[in-house]
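> Below: one structure in structure tokens.
The values are calculated or read from the model by the stated rules, or taken from the named source; none is laboratory data. Only a predicted model underlies this, so the values are computations on that prediction, with no experimental measurement involved. As a convention, Cβ positions derive from the backbone with ideal geometry for all residues, glycine included, and neighbour counts pool all protein chains shown. The accessibility values were calculated without ligands, DNA or RNA, using every heavy atom of the protein model including side chains. Shrake-Rupley method; radii C 1.70, N 1.55, O 1.52, S 1.80 Å.
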Amino acid sequence: MPSSPTLAADQPPTAAPDTGRGRRADLIVVIVAVVLAVWVTSGLWRDPNQRAITVNSSDQALFEWLLAFGGHAVTHGENPLFTHLLNVPDGVNLAVNTSITVYAVVFAPLTYLIGPPATFLVILTLNLAATALAWYWLLSRRLVGSRLAAGVGALFIAFSPGMVSHANAHLNWTAGWLVPLLVAAVFALRRPGRWWRGGLVLGVLVAVAFSIAAEGLFFTALAVAVFLGVWAVHPARRARARAALPDFLRGLAVTALVAGVLLAYPLWLHFAGPQRFHGTGFDPVIHAEDIAAFGAYPSRSLAGAAGLDTSLAPNPTEENSFFGLPLLLLTVACFGLLWRRASPGRRATLTALGVTAVVFAVLSWGPLAKWNGRRTDQLLPFGVLDNLPVVNAALPSRLALVVAPVIGVLLAYTVDRLRATPPGRTATWAWGVGFAVALLPLLPTPLLTSVRPPVPEFVTAGTWRQYVSPGGVLTPIPLTLDVTPDGQRWQAYALAHRQGEFRLPAGFFLGPGGPDGRGRIGPPPRTFDTLMDQAGRTGLVPIVTEGSIRLSRADLRYWGVEAVVLPDEVHGAKYDLDEDALRRTATALLGEPRRVGDVWLWTVPAS
């Protein structure tokens, strides 16, 4: 999750707590962060292998597959950034997808030990807790003197509405622990004589962040640039910025060199490799933040549980603002209090924080303004920037994620200020009530989960190897896509349990083939998968002609499919599917199936 930094040197001197009290405070924050992380993900802990996140089981299946594939690629000497296991025969460029290669490699032993679903859950839970702890470290060690203040700011950022909504299966966006580390590394570059070491550290962090969350890294870089630009031109900080500039630029040069070396191949794949695309297949008008959403409440919160949530997000995983009106008012009050008591140097920091928050809030509104679900024709700044390279691959609504860390820093500053100079009993009570009214409704509730079909025994027992040659092609029906992710779960199981490889003709990935040269989810449809999709969704067997039989069998030969498999229960990530209609349609196209264990199986002749 992106952020706007602030400067430790802008802090007024505060008395450091004694070591014992400080350690107790640190322990309390660790416990609270872990408890909240487990609370949010508690629905999956009941049975990681049989439960899925209700609103985003497709992304969960994708990340489970990425964990299994990444570990398999490293242990088998395969390319972790390009695969031919999906989208036969063309393959998939994972460098332009979210590959989470670092996670896949680091957690490979755990994936082999407990399986991809459980490893996914461990990483998701650790992401939330680690985000809180990383922000707590930055705030308590660099920015504020009060551990309470640091805890309030860090816990808000880690469990803000945007983070909780992205906990619906997004291992990339919940890796918010990267941001405070990146921010700290950027400001370490200004230390005299530390530019070489600082540039080396930042370069490695950039490479790691690119692997886990490239879009988040891009947003963080933009936020830091906006903050630094505003801070550096402020009259109170111009001289200091000018003095730090030479070492800062040297450090950035080292960062670019280190990151460039580490990311040379991934960047080539991303921008010039096979199966690349430009832009994204997602509509920036749809995936933009509704202006009214900033004052609304998120669905997975106490306020949402009380029925105060809305339908202003494009989907439940993208509630990127949803701060609620009380928190917005509290933030303004915090800014006013800090501004009135601030030195000129502190006002430079506050100005930079405020400008950064406003810039990213406005950009998150997308190319056209929306208010309470009603779209206007008012062109906004993102509409001008949307054609720029890299920017055109970002979803504008996610730019609102920058605002949450700014609010968290302002909350921490305010608590620190109030503890250092108490305003009087009445005012203290008023501030306490204000914090409670603003933050308590945003306390997260557990993610919604539901039971998903188990991986068939046909796969878990390795029976598939009797019908598919090593490295051969198998396909479930319907074909594997974002809305029907079963195939990638099966493949992930086979890879993680060292059964060998089978390939899939489709898959859940972003690849070329979208409008105007942009990307699309999955491969362009062909006759066979179109008929299967129609049967599964409608429950009706489509009209099957000699022509459709001929084209469907040609599709299977094109993919090199050796076995077509239909389990007793098919998981539809967005809608229910009719297994009987699927079986009858496949029978009309391919002939009578055989029953093998818990699946229906059609074998496909080689010619």
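> Could you list all residues from segment 557-593 that are open to solvent by less than 10 Å² (accessible area, probe 1.4 Å), of a type in the set (Gly, Ala, Ser) and under 18 Å from TRP464 (Cβ atoms)?
Listed by number, the residues that qualify are ALA563, ALA586.
> Related question: Within segment 490-499, count every residue that is within 19 Å of LEU566 (Cα to Cα), of a type outside the set (Gly, Ala, Ser) and crowded, with 24+ Cβ neighbours inside 10 Å.
Counting residues in segment 490-499 that are within 19 Å of LEU566 (Cα to Cα), of a type outside the set (Gly, Ala, Ser) and crowded, with 24+ Cβ neighbours inside 10 Å gives 2.
> Scan segment 281-313 residue by residue and report those that are modelled with pLDDT under 90 and either under 23 Å from GLY514 (Cβ atoms) or of a type in the set (A, V, I, L, M) (or both).
GLY281, PHE282, ASP283, PRO284, VAL285, ILE286, HIS287
> Can you tell me which of ALA158, ALA169, ALA184 is more than 29 Å from THR255 (Cα to Cα), among the aliphatic types (A, V, I, L, M) and modelled with pLDDT of 95 or more?
Just a single option satisfies the conditions, and that option is ALA169.
> A further question follows. Need a quick list: helices (runs of 4 or more DSSP H) entirely within segment 23-107 having at least 2 residues that are surrounded by 22 or more Cβ atoms within 10 Å (Cβ to Cβ) and modelled with pLDDT of 95 or more.
Counting at least 2 such residues, we get 57-75, 101-106.
> Mind listing whichever residues of segment 282-311 are more than 23 Å from ALA394 (Cβ to Cβ), hydrophobic (A, V, I, L, M, F, W, C) and not in a helix (DSSP H, G or I)?
ALA306, LEU308
> As an exercise: evaluate ASP309 against (1) touching a residue at least 24 places away in the same chain (Cβ under 8 Å); (2) closer than 22 Å to LEU439 by Cβ; (3) surrounded by 18 or more Cβ atoms within 10 Å (Cβ to Cβ) and give the number of the one condition it does not meet.
That leaves (1) as the condition not met.
> Let me ask something additional. Starting from residues that are outside any loop (DSSP other than H, G, I, E, B) and touching a His at 6+ places or on another chain (Cβ under 7 Å), keep the ones in segment 485-544 and report whichever is modelled with the lowest pLDDT.
That would be GLY517.
> Filtering segment 552-602 down to residues that are free of Cβ contacts under 8 Å to residues at least 40 places away in the same chain and of a type in the set (A, V, I, L, M), which residue is farthest from ARG51 (Cα to Cα)?
ALA554
> Applying the selection to segment 122-160, what residues are small (Gly, Ala, Ser) and in a loop (DSSP other than H, G, I, E, B)?
Within segment 122-160, GLY145, SER146, SER160 qualify.
> For segment 264-281, give me the residue count where each residue is surrounded by fewer than 19 Cβ atoms within 10 Å (Cβ to Cβ), not in a helix (DSSP H, G or I) and not small (Gly, Ala, Ser).
4
> Given the condition closer than 30 Å to PHE282 by Cα, modelled with pLDDT of 95 or more and among the small types (Gly, Ala, Ser), answer yes or no: does some residue in segment 558-569 qualify?
Among the residues of segment 558-569, not one is closer than 30 Å to PHE282 by Cα, modelled with pLDDT of 95 or more and among the small types (Gly, Ala, Ser), which makes the answer no.
> Now a separate question. Out of all the residues in segment 500-529, which are over 30 Å from the mean Cα position of the chain (by Cα) and either within 30 Å of ALA95 (Cβ to Cβ) or surrounded by fewer than 16 Cβ atoms within 10 Å (Cβ to Cβ) (or both)?
If the condition is that a residue be over 30 Å from the mean Cα position of the chain (by Cα) and either within 30 Å of ALA95 (Cβ to Cβ) or surrounded by fewer than 16 Cβ atoms within 10 Å (Cβ to Cβ) (or both), then ARG526, PHE528 are the ones that fit.
> If you don't mind, there's one more thing I want to ask. Exactly one condition in (1) over 18 Å from the mean Cα position of the chain (by Cα); (2) open to solvent by less than 60 Å² (accessible area, probe 1.4 Å) is false for ASP377; which is it?
(2)
> Is there a residue being touching a residue at least 60 places away in the same chain (Cβ under 8 Å), open to solvent by 40 Å² or more (accessible area, probe 1.4 Å) and touching a Phe, Trp or Tyr at 6+ places or on another chain (Cβ under 6 Å) anywhere in segment 355-372?
no
> Return the only residue of ALA225, ALA184 being open to solvent by 40 Å² or more (accessible area, probe 1.4 Å), assigned to a helix (DSSP H, G or I) and closer than 22 Å to LEU350 by Cβ.
None of the other options fit; the residue is ALA225.
> Of all the residues that make up segment 431-489, how many are open to solvent by 30 Å² or more (accessible area, probe 1.4 Å), of a type in the set (D, E, K, R) and touching a helix residue (DSSP H, G or I) at 6+ places or on another chain (Cβ under 6 Å)?
1
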